[in-house]
Amino acid sequence: MAEVSLRGVRKSFGPVDVIKGIDLDVAHGEFCVFVGPSGCGKSTLLRLIAGLEDITEGTLDIGGANMTRVPPANRGIAMVFQSYALYPHMTVRDNISFGLRMVDTPKPVITARVAEAARLLQLETYLDRKPSQLSGGQRQRVAIGRAIVREPEVFLFDEPLSNLDAALRSQTRVELLNLHQTLGATMIYVTHDQVEAMTMADKIVVLQAGQIEQVGSPLELYERPRNLFVAGFIGSPRMNTIPGRIATVIDGAARLELPGGAITHVQLNGTRLAPGPVLLGVRPEHIMVDDPGTSGEGLAGTVTLAEHLGAETILHIEMAHGPVLVARADGRAPQRIGQPVTLTLDPRFCHLFDPAGPALMNAPG
Ligand SMILES: Nc1ncnc2c1ncn2[C@@H]1O[C@H](COP(=O)(O)OP(=O)(O)OP(=O)(O)O)[C@@H](O)[C@H]1O
Ligand SMILES: [Mg+2]
């Protein structure tokens with residue numbers, strides 16, 4: 001069993017605190033994804049788990065054993081980097097087997113493991129080529145193969161697909177997911193990519209400035225963000241936020257005043273809130289866009305941009321008084337730039353946030 005547990009983990013580079021107290025449990029066989037803005041500490045945290053950096057404070061356990069001060073080679077982990085870091089003068093076969101040869105693994109074992117990795121990664125026909133004779137996706141598969149043959153209990157990936165073009169990226173993403181199912185190993189994966197995070201993760205860890213903002217399944221984070229940061233970070237296009245004010249609360253519903261005096265009602269679902277300023281959060285797919293005058297409690301706006309993606313159209317709509325909102329509409333949405341529209345926010349999917357950040361109420365859905 002190879003669960004990974006961090007307790008009070010901190011990392012400082014000289015006077016600079018980069019990781020500021022991380023408590024995290026990754027279960028055996030789990031696919032855990034780290035996301036967060038550039039510089040928030042994702043790679044550093046991965047390197048602490050790998051043992052490539054010393055943990056300043058706190059403890060790391062892998063498979064129930066304390067690994068805080070154990071050298072990287074004895075942690076049962078393998079790491080795959082964004083830059084494949086292959087040896088250019090070696091064949092694919094020799095690149096994959098390099099780590100095993102370094103520790104004098106018996107030849108038949110090496111041969112068998114390389115064959116198995118090449119089969120899993122569909123590299124059999126490339127084993128005698130040099131890295132320069134491979135595509136980017138094939139090179140990354142070699143780097144993954146080099147990790148697989150070591151039979152680690154835990155795989156660490158730092159943005160392994162970032163150098164690939166879009167088509168190869170989604171293909172390799174699926175291959176990695178299949179690999180995870182086949183091997184059943186614990187995997188910790190850093191990415192900037194929303195789609196990778198949402199589709200690959202059992203568990204997403206959202207980091208900001210060296211701290212965890214929220215941990216949960218992709219849908220938990222999408223539907224129940226704990227604060228404005230997570231609400232804005234998970235989901236693309238991002239959640240809209242509209243400044244407003246709770247005027248009154250009657251019968252469990254808040255009467256919300258929005259910019260320009262528009263009024264909307266939000267069911268509070270038992271949450272007790274007092275009158276005062278709030279931010280109303282609503283995702284693009286929960287804004288209905290109609291011609292003016294077709295709905296009662298609508299917000300007036302004008303289309304300023306229409307992004308036609310085929311299956312859907314992303315409409316940018318400037319409210320008559322207030323921010324630009326982004327709505328996800330049908331691929332054949334008829335609205336054109338400059339057209340006045342009326343927006344209706346689906347009351348089942350409205351979140352309320354304290355302007356300082358914490359969620360006051362997540363949408364009941
Ligand atoms: N060896 C080092 N010495 C000093 N500061 C460092 C060192 N390594 C990283 N840092 C700092 O630690 C912070 C976190 O870096 P890290 O590489 O972990 O970020 P990241 O989340 O992986 O970012 P990105 O998404 O850009 O890869 C950054 O501010 C970085 O400058
Ligand atoms: Mg990084």
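The values are calculated or read from the model by the stated rules, or taken from the named source; none is laboratory data. Only a predicted model underlies this, so the values are computations on that prediction, with no experimental measurement involved. Counting neighbours? That spans all protein chains shown, and the Cβs are built from the backbone with ideal geometry, glycine included.
In the stretch 27-112, which strands (runs of 3 or more DSSP E) lie fully inside it and hold 1 or more residues that are within 16 Å of ligand 2 (Cβ to nearest atom), at pLDDT 95 or above and over 19 Å from residue 141 (Cβ atoms)?
Hits in the stretch 27-112: 31-35.
Within the stretch 155-180, track down each residue that is within 28 Å of residue 52 (Cα to Cα) and among the acidic types (Asp, Glu).
158, 159, 175
Does the stretch 136-152 contain at least one residue that is acidic (Asp, Glu), under 30 Å from residue 58 (Cβ atoms), in contact with a helix residue (DSSP H, G or I) (Cβ under 6 Å, 6 or more places away or on another chain) and surrounded by fewer than 22 Cβ atoms within 10 Å (Cβ to Cβ)?
No, there is no match, as no residue in the stretch 136-152 is acidic (Asp, Glu), under 30 Å from residue 58 (Cβ atoms), in contact with a helix residue (DSSP H, G or I) (Cβ under 6 Å, 6 or more places away or on another chain) and surrounded by fewer than 22 Cβ atoms within 10 Å (Cβ to Cβ).
Looking at the structure I just gave you, is residue 363 in a strand (DSSP E or B) and surrounded by 14 or more Cβ atoms within 10 Å (Cβ to Cβ)?
no
Suppose we filter the stretch 263-290 for residues that are touching a residue at least 60 places away in the same chain (Cβ under 8 Å) and either on the phi > 0 side of the Ramachandran plot or not assigned by TED's automatic domain parsing to the domain that holds residue 317 (or both); how many remain?
1
Just give me the residues in the stretch 153-177 being of a type in the set (A, V, I, L, M), under 26 Å from residue 62 (Cβ atoms) and not in a helix (DSSP H, G or I), in sequence order.
154, 156, 161
Restricting to the stretch 169-212, give me the number of residues that are acidic (Asp, Glu), within 16 Å of ligand 1 (Cβ to nearest atom) and touching a residue at least 40 places away in the same chain (Cβ under 8 Å).
Counting residues in the stretch 169-212 that are acidic (Asp, Glu), within 16 Å of ligand 1 (Cβ to nearest atom) and touching a residue at least 40 places away in the same chain (Cβ under 8 Å) gives 1.
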